[in-house]
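Here is the structure we will look at.
What follows draws every value from the coordinates through simple rules; no lab data is involved. Because the structure is a prediction, the values reported are computed rather than measured. Virtual Cβ from ideal backbone geometry, glycine too; neighbours counted across all protein chains shown.
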Amino acid sequence: MPDDKNEELLQRAHETRGFHLGVHEIMNAADPEYMEHYQRWLEFTNLKDRHLDMKTKEIVHVAVHVARQTDPDHIKAHMLAAVKAGATKEELFEVSEMGFLLGGTTSLLLGMEAWRRAFRPDLRRAYDLVENQPHQEE
């Protein structure tokens, strides 16, 4: 497959998702035929409104990635895609809260960290240990 064809496929992947990850560049460079099949499958199962709309699909992505304890930046990417599809940051916070029930404390931390990165980067990281906090007078 010529290089410009590879570039077109990667551009298509980016446009259909609204983002792409480094893994898509790796697959595209190493095995463009696989990337083409992967992209077509993804477009059918994930990007085409069939029984679920895009907002619902992205919320499901967030929930599954939180429960499976995926990297926070991957969760963040799907949170931002969910917002583009009509989800609110409050809905995504609630999904992240569910992480505790779905996958325990680690999932909760990952979901909260992804939410912080997407919507409140001014806050401390979810994993930050805060010690020696001044005592609050009652």
Next item on the list: With no solvent and one equal point scatterer per Cα, compute the Debye intensity ratio I(q)/I(0) for segment 1-48 at 0.23 Å⁻¹ and report its log10, rounded to two decimals.
Entry: -0.76
Next item on the list: Please report Rg over Rh for the chain, where both radii come from the alpha carbon positions and Rh follows the Kirkwood definition.
Entry: 1.09
Notebook entry, point to check: GLU8: net charge of surrounding residues, Cβ under 12 Å, Lys/Arg +1, Asp/Glu -1, itself excluded?
Noted result: -3
Note to self: Between THR16 and LYS48, what is 0.36 nm times their sequence separation minus the Cα-Cα distance? Round to one decimal in nm.
What the structure shows: 10.5 nm
Next item on the list: Take a quick pass over the chain and tell me how many lysine pairs come in under 20 angstrom between Cα atoms, counting only ones 8 or more apart or on separate chains.
Entry: 10
Check: How much of the calculated P(r) for segment 53-123 lies past 13 Å, in percent of all Cα pairs?
Finding: 54 percent
Notebook entry, point to check: Helix-derived [θ] at 222 nm for the chain: sum -39500 (n - 2.57) over DSSP H runs of at least 4, divide by residue count, nearest 500?
Noted result: -22000 deg cm²/dmol
